[in-house]
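Taking it in order: structure first as structure tokens, then the write-up.
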Amino acid sequence: RVYKQLGFLQGDEKSVVGHTMVERAKEMKAHLGKDDGQYLLDNQQDIPVAFRGKVVFVFTDWRRPDDSGDVACVCWGGGRWVRRWYWVYDDWYGNYRVLCRK
């Protein structure tokens, strides 16, 4: 699989609320779920080193099973890429990226 990373901020926005981020991800066909998130984790050696600690990948269609208000994010922590749950209704900034398949 090959992915393209996309930002969801527009113009001079510094952040957007979660529902805006999710809608924009859907519009860009970057509304990916668990299958793609797990693929990224399983193949993390292919993620460029330059992204470590700088980019957080958001999987807007991968929700925590016991709390649909949380989305899965893949971020750098503890010397590897890990999945963390982030509250979707918070503000989302420029270091967050969604992915679409090329």
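Some values worked out for this structure:
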quantity	calculated
Area accessible to solvent at residue 26, 1.4 Å probe radius, in Å²	90
The chain: most fluctuating residue of 61, 36, 91 per GNM, C-alpha cutoff 10 Å	91
Surface accessible to a 1.4 Å probe, residue 89 within the full protein complex, Å²	130
Ranking by accessible area, most exposed first, for 19, 31 with a 1.4 Å probe	19, 31
Rel. contact order, % - alpha carbon contacts under 8 angstrom, at least six apart, the chain	42
Accessible area in the full protein assembly, largest first, 1.4 Å probe, for 68, 15	68, 15
Neighbour net charge for residue 102 - beta-carbon separation under 13 angstrom, K R +1, D E -1	+3
Charge sum, other residues only, whose C-beta stays under 12 Å from residue 69's C-beta, Lys/Arg counted +1 and Asp/Glu -1	-2
Estimated distance in nm for a label pair at residue 66 and residue 4, the labels positioned 7 Å out from Cα along Cα-to-Cβ	3.9
By accessible area with a 1.4 Å probe, ligands and nucleic acids excluded, highest first: order of 49, 82	49, 82
Accessible surface of the chain, 1.4 Å probe, proportion on carbon and sulfur as whole %	46
Accessible area per residue, Å², the chain with all protein chains present, probe 1.4 Å	58
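The values are calculated or read from the model by the stated rules, or taken from the named source; none is laboratory data. Bear in mind the structure is a predicted one, so any value in this text is a computation, not a measurement. Positions of Cβ are generated from backbone atoms using ideal geometry, with glycine treated the same way; all protein chains shown enter the neighbour counts. For the accessible areas, the whole protein counts, side chains as well, though only heavy atoms, and no ligand, DNA or RNA atoms are used. Shrake-Rupley method; radii C 1.70, N 1.55, O 1.52, S 1.80 Å.
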